[in-house]
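Read through the structure below, which is laid out as structure tokens, and then see the notes.
The values are calculated or read from the model by the stated rules, or taken from the named source; none is laboratory data. Predicted model, so just to flag it, every value in this text is computed and none were measured. Here Cβ is always computed from backbone atoms with ideal geometry, including for glycine, and neighbour counts include all displayed protein chains.
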Amino acid sequence: MTKPAAPSPRPPLAGRLLLARWSLLTERLWERLWPAATLVLLFLGLAFLDVLPRLPGWLHLGLLAALGLGAAGALAVALFRFPWPTPDEARTLLETRGAPGDTRLPYHRPLTALMDQPARPADDAFAAGLWQAHRERMLAAARRLSVPAPAPHMATRDPLGVRAVGVLTVVVGLAVGWGDLGQRLARAVTPTLPQGATLPLTADVWITPPAYTGRPPVTLTAGRESATAAGGVAAPQALGPVRVPEGSALVALVHGAAAPVLTAGGAPVPLEQIGDGSHRLETTLDTGSRLVIEDDGRTVADWPVAVTADMPPTVRFTGAPDEASRWRLRLPYAAGDDYGIQQFVLQVARPDRPDTPTLEVALDPPAPSPADNELVEREGAAAVDLTPHPWAGLPVTVRLKATDGAGQTALSDLIDTVLPERRFQHPVAAAIAAVRKEVARDPSTAPGASAVLDRLHQEVDAYDGDPVVYLGLRIAANRLYHEKGAAVDPVLGLLWELAVRLEDGGLTMASRDLEAAEEALREALENDASDAEVERLLNELQQALDRFSEMLAQMMQQMPQMPMMGQLPQDMQMIDPSQMREMLERMREMNELGSREAAKAMLDELSRMMEAMRNMQPMSPDQMQQMQQAQEMMRELQKLAREQEQMLEQSFAESQQQQRQGGQPNPGQQGQQGQQGQSGSQGQGGSGQSMAQAQEDLRMRLGDLMRRLGEMAGQVPDNLGQAEMAMRGAAEALQGDRFGSAADAQGQALEAMRQGMGQAMQQMMQAMGMPGMMPMPMPTMGAAPGRDPLGRRGGVDPGTTKVPTEPEEKRARELLEELRRRAGDRDRPAPELDYLHRLLRQF
């Protein structure tokens, strides 16, 4: 007889026993956990397929609860009294399922045999050897045993193969939802329950075009009128295509939805939840023909859209560059862009020195196209002063570069030309300019140029012993002798300053001082500086203005042989400096009253006047003739404006009479009214026909004047074009006896004509090379009765800020004095004093 013993088998067999226990554990876990695992896989598959969010909220929540409770229950049953594998069961598993097929008795239980020991110790060597041989045979048989794979008996436990449903659902879900698994899983575990039967389902979309397009935002709504419908779902709106530029920013806001998605030319994009039943999405609209918002398979909104692409700009020369007045380079061009050119640049290069960097000069971009997303080329002529540049007078290649708001660029063809150069009358200035030009053309001539400058600086009488010119010539001569290559560029700038100083005297420095004083005052007004600081800067500006006026008068006296601007007719002369001094006094009064905005508006007008004075130059006989033509056209334009104002008053009176007689007819009623006998409407109809003909005649006269303006200035002001279109609309309205609509159009035409007057005059002055002239008729000696120093009617300001008239200033000063008097009365109640002090802080 034998009995079990405690000693364990040898270590190599201990590892196999441990693996056998794990195999048994896996079998028993799978046999018990497969129902819970199937439910979990089924949930994951439904989540990846995005099925649950499409269900009603109550069903979504119920299904989640059922799956969760089912999985938890199955797990609890599986783990209740779970039979963990024992070492004996592991040995039995190895001996019964791990033995090879040729194992025969008595070796069918080698592990158990190894655990046996003799009933009594062997007394002789033969018995001991026999027992040892037995153990060696059993050990050899045990080493042939292998750990069997887990073999759960699923066929008997799940004969219908229900467990495969979960696996197949997950596989299909992974294939469908790959790339969006996280969001789908999040939507699956967050059911959205309806807040109530009457909760409205609404959608709002805001489309904001890029800022450079200048287009207004577009607002789309859906569901507002159908908020009380069943389920709160609004029917799709039947709207025309919404035209929006490419790259527009889209913001969508949906209320009362469970899981809305937006489709705009691509894959549906889910909206982000921002609250109970509210979702939001921000994106960019680049493509697509429809905007569709859906929720749980239902269409919340459906709008047709037309996303228009941003076309690249165009630019080309319409003629060869030539020299304009005052030695400026004139560049005739044609350029356009669907949303307007943002940057317009002239590129200048030296063909004989390709290693020299290209010079880029910013130009004023042409006006944008009047129609939406329509590329219209506009012809114009840019004039740029390059005489201070060292390349003036040298052959160069020029090219125009246009860039739109989207960064798209267009280049014109390269054209060879010669940059205009200033022709100096002063002999020393002319000699300095010649030296500067030669060094700019060939820097290797710098030593020879140094010798020329050295001789010039010794001729003190030739430049009246000006110490600035003397020192400047010595410095330039020494630097040109020692500097080489690009190091001579700063010397060229110095030579230009010396030549201009000799030609213009102290006018250039006085102009710079005036510009600096003006800029300092503007910054003080913008930054709300103290009254004392503003007063100090006003004094500095007045001193700079006096110095500039004195230098300008001296320059004019030195050139009596040329016709001056003072020879113009009385209503088109230059601005008298006394007018600007009067404006400075009014700015002081505005500052004392605390009206900084009015002071800023007056400074803008003063800046325009000072710029005209800085640019003022003598006039040639041809310019005098052109000026007379421009004056005649401006008088004609003013006459057209007065006639348009009279027609506006007449249309307004007819509109008032029409309303008293029973309302303004609409287009659908005109035919009926024409058949209602000889009523009062016939009188209106006759009046409307005659007024329409007069309005059409006025429009034709404006068109002829615009044609002549275009021939003279090279372009027509945009405001006059708008006035012509408004006149056309007014004539059509008068044809139908719609006097109210006609009055509106006539008011727009009148306002556009008034704005176009200044623009037209400025364009003509620039075309004639006379920027020193003011673009509007100005009085010469003081203001006319009822007008301010700028020639405007009292109290009328062309800008957005109203400049107070003299009666208004007087009344404001009286109010200010009264506030100060009351604030100084200590007997008044504390709340009233506090209120008065708060009012005074504004001044």
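Among the residues of segment 363-379, are any under 26 Å from Glu497 (Cβ atoms) and at pLDDT 90 or above? Yes, segment 363-379 has at least one match. When the residues of segment 251-269 are filtered to those that are within 16 Å of Val305 (Cα to Cα) and among the aliphatic types (A, V, I, L, M), the one that is farthest from the chain's Cα centre (by Cα) is Leu262. Do the conditions hold for Glu360, that is, is it assigned by TED's automatic domain parsing to the domain that holds Leu331, modelled with pLDDT of 90 or more and among the charged types (D, E, K, R)? Yes: the conditions hold for Glu360.
Within the set Leu79, Leu64, the sole residue that is outside the structural domain of Ala258 (by TED's automatic domain parsing), modelled with pLDDT of 75 or more and within 55 Å of the chain's Cα centre (by Cα) turns out to be Leu64.
For every residue, the table says whether it meets (1) assigned by TED's automatic domain parsing to the domain that holds Val500; (2) outside any loop (DSSP other than H, G, I, E, B); (3) surrounded by fewer than 17 Cβ atoms within 10 Å (Cβ to Cβ); (4) touching a helix residue (DSSP H, G or I) at 6+ places or on another chain (Cβ under 8 Å).
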{"site": "Val300", "(1), (2), (3), (4)": "no, yes, no, no"}
{"site": "Pro304", "(1), (2), (3), (4)": "no, yes, yes, no"}
{"site": "Ala320", "(1), (2), (3), (4)": "no, no, yes, no"}
{"site": "Leu331", "(1), (2), (3), (4)": "no, yes, no, no"}
{"site": "Asp338", "(1), (2), (3), (4)": "no, no, no, no"}
{"site": "Gln343", "(1), (2), (3), (4)": "no, yes, yes, no"}
{"site": "Leu346", "(1), (2), (3), (4)": "no, yes, no, no"}
{"site": "Asp352", "(1), (2), (3), (4)": "no, no, yes, no"}
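Within segment 417-465, being charged (D, E, K, R) and either in the same structural domain as Asp352 (by TED's automatic domain parsing) or within 13 Å of Ala499 (Cβ to Cβ) (or both) holds for Glu421, Arg422, Arg423, Arg436, Lys437. For segment 256-295, a residue qualifies if it is on the phi > 0 side of the Ramachandran plot, out of contact with any Leu (no Cβ under 6 Å at 6 or more places or on another chain) and touching a residue at least 40 places away in the same chain (Cβ under 8 Å), and the qualifying residues are Gly265, Gly277.
Taking first residues from segment 473-499 that are in the same structural domain as Gly448 (by TED's automatic domain parsing) and farther than 16 Å from His389 by Cβ and partners that are of a type in the set (Asp, Glu) and part of a helix (DSSP H, G or I), the Cβ contacts under 9 Å between residues at least 6 apart in sequence or on separate chains come to Leu473/Asp454; Arg474/Asp454; Ala477/Asp454; Asn478/Asp454; Tyr481/Asp454. Taking segment 701-726 as the range and being in a helix (DSSP H, G or I) and under 16 Å from Gln638 (Cβ atoms) as the test, the residues that pass are Arg701, Leu702, Asp704, Leu705, Met706, Arg708, Leu709, Asn719, Leu720, Ala723.
So that you can scan it fast, the table gives a plain yes or no per residue for (1) surrounded by 14 or more Cβ atoms within 10 Å (Cβ to Cβ); (2) more than 41 Å from the chain's Cα centre (by Cα):
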| residue | (1), (2) |
| --- | --- |
| Glu459 | no, yes |
| Asp464 | no, yes |
| Leu471 | no, yes |
| Leu502 | yes, yes |
| Ala516 | no, no |
| Glu526 | no, no |
| Leu537 | yes, no |
| Leu541 | yes, no |
| Ala553 | no, yes |
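Looking at segment 634-669, which of its residues are polar (S, T, N, Q) and either in contact with a helix residue (DSSP H, G or I) (Cβ under 9 Å, 6 or more places away or on another chain) or modelled with pLDDT of 50 or more (or both)? Once the filter is applied, which keeps residues that are polar (S, T, N, Q) and either in contact with a helix residue (DSSP H, G or I) (Cβ under 9 Å, 6 or more places away or on another chain) or modelled with pLDDT of 50 or more (or both), segment 634-669 yields Gln638, Gln644, Gln646, Gln650, Ser651, Ser655, Gln656, Gln657, Gln658, Gln659, Gln661, Gln664.
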